[in-house]
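Data first, discussion second: the structure below is written as structure tokens.
The values are calculated or read from the model by the stated rules, or taken from the named source; none is laboratory data. Predicted model, so just to flag it, every value in this text is computed and none were measured. With ideal geometry, Cβ positions are generated from the backbone for all residues, glycine too; neighbour counts draw on all protein chains shown.
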């Protein structure tokens, strides 16, 4: 069975924290529910939330903070 | 000055390259890995990759830009607008590296970057400012000042500007909460918690004056631009002259702006921003220490090439015109064509442009770095083109605007072209009776 993933809704720059000094939205190993914000994507100077569509345990991030991401790109792996 | 590095991208990088070329200056483009196929890279004499796509790694990367200048032997830097254009440390670092900085002094950038300091400089130069506090203040003085000028008041971050870091308070309780929250926000966003208080001017017009300074107390103005057509404090359309502005108000604003530029020994191009209330009284709000996106409307009505003037002044040349030679002629309107969907709350719309047919004909100018097949990257500003039209009078400019917008075909991405077509049919717009709240009231956006 394929792994469940959280995808970026838009292309842009990915961030794991709401601001440089803040705590990350989630850490690897945290439990997330549908609608849980796991990061931000900056697109053309505006910020959009990346949300989990499923519930599960966030296994690991597939991109680092400040990496460029494409629309639909996998951001993190979601385990049971 | 022989070789200019342009520390920017997109249409403004092309704009600067063109001005350099006319003056016989060599050009160096810099670019990120996302901009390998960008037009500024192809058009410049040389081009240097300065880092990865996110601006922080490339167009905001001071060390990489200075290194590109050193490697190519550039002896001057033009910052364009945005990115590092109003960064005093970058301006200083360029000068320390022996490069000519095409812009105002680091000191002027810093002074005007602190909006509370700028207010005091304007007041000292005899330029009216919005009633409010003298400089940055704490809570007690904010409350006292609000009592004096009357609620509602705006709490603004001294390090903010361009509409960022602003809160409105309608009474003392709300002001207390605003000061706490705004201070915290300003600290996080700008690293500076300083705040000041201004009276709210209801439904104001936003009119700015273009100035040029020689850095030695000489300054001229090049008249005004009407910039009230904004959405969430972002300008969408600008025109010059400002419609229905009494001639004596216009002259008073323009000379006040030039007086402020002269008082601070301003060098290069700058813009003094005012708000105008419904009685026609005008008040200084801030000065932008860069060439602005909307500079072409001024070029169209005055015939003065502002970017070329910046380069000439940076090279130490005197003004090549006197104040009384600045005689605006006709009317110009600029439409900002952004990669945004006006029917979906202006959601950014990057991606590949599949068709790109430009309008043309008399009085039509398009400043763009886009082309058919170009992929608008998601990392930077959404501006893809500026359409500027000129006519002998406002009616002719509007007619040319309608014609040009109907001809402008951009496919593959959503743009603000349909929004502009609708604006030109708004009776309040065609009557020239609009203010900074009008776009929301038109219910187009």
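So here's what we get for this one:
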| item | result |
| --- | --- |
| Candidate set from segment B:228-249 (those that are outside any strand (DSSP E or B) and at negative phi); member that is surrounded by the most Cβ atoms within 10 Å (Cβ to Cβ) | B:242 |
| Residue ranges of strands (runs of 3 or more DSSP E) in segment B:134-227 with at least 2 members buried (at least 18 other Cβ atoms within 10 Å of the Cβ) and modelled with pLDDT under 95 | B:153-161, B:164-169, B:195-199 |
| Residue B:23 being in contact (Cβ under 8 Å) with a residue 12 or more places away in the chain and within 23 Å of residue A:43 (Cβ to Cβ) | no |
| Candidates B:355, B:339, filtered to the one that is touching a residue at least 40 places away in the same chain (Cβ under 8 Å), in contact with a strand residue (DSSP E or B) (Cβ under 6 Å, 6 or more places away or on another chain) and more than 14 Å from every other protein chain (Cβ to nearest Cβ) | B:355 |
| Segment B:38-73, residues that are away from every other protein chain (no Cβ under 14 Å), in a loop (DSSP other than H, G, I, E, B), touching a residue at least 40 places away in the same chain (Cβ under 8 Å) and under 26 Å from the mean Cα position of the chain (by Cα) | B:38 |
| Strands (runs of 3 or more DSSP E) enclosed by segment A:1-79 - at least 3 residues per element that are touching a strand residue (DSSP E or B) at 6+ places or on another chain (Cβ under 9 Å) and more than 10 Å from chain B (Cβ to nearest Cβ) | A:4-7, A:37-43, A:46-51, A:56-61, A:74-79 |
| Count - residues of segment B:373-408 that are more than 14 Å from every other protein chain (Cβ to nearest Cβ), buried (at least 19 other Cβ atoms within 10 Å of the Cβ) and not in a helix (DSSP H, G or I) | 9 |
